[in-house]
């Protein structure tokens, strides 16, 4: 699933109002962090993460490492923060994000 520029712009706008829920610290990306990201993506579809100064990774490196592990797409990386998106697999989820149609 590749996001178009219009879809990325839509998701960036939605990400402005959400809180950072994923913190990458000095331990880097471990099983617990991947599990936490997967749970959050399934519940919310769009999550914002932050990389602490003590981490050995940059925000881009953390996002690039997490995206394949969580089967998500990187929406944006700015400074120490990053945003990931993955559509929910739940059929009965009422607040699914509906992406704009793009080419």
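Throughout, read-outs are computed from the coordinates displayed, never taken from laboratory work. Here the structure is a predicted model, which means the values were calculated and not measured. Reconstructed Cβ throughout: ideal geometry from the backbone, glycine too, with neighbour counts over all protein chains shown.
Angle of helix 5-15 to the longest C-alpha principal axis of the chain, folded into 0 to 90 degrees and rounded to 10: 70°.
Using equal-weight Cα scatterers in the Debye expression, the normalised intensity of the chain in log10 at q = 0.15, 0.18, 0.24 Å⁻¹ is -0.57, -0.81, -1.38.
To the nearest ten degrees, helix 59-70 and the longest principal axis of the Cα atoms of the chain are 60 degrees apart.
Please report the antiparallel percentage of DSSP beta bridges with both residues in the range 5-85, rounded to the nearest 5.
Counting DSSP beta bridges with both partners in the range 5-85, the antiparallel share is about 70 percent.
Against the chain, whose longest principal axis is taken from its Cα atoms, helix 31-44 shows a tilt of about 20°.
In this label model, residue 74 and residue 90 are separated by 2.8 nm, measuring between points 7 Å along each Cα→Cβ vector. Note on the range 36-86: along the principal axes its Cα atoms extend 28, 17, 14 Å, ordered by decreasing extent.
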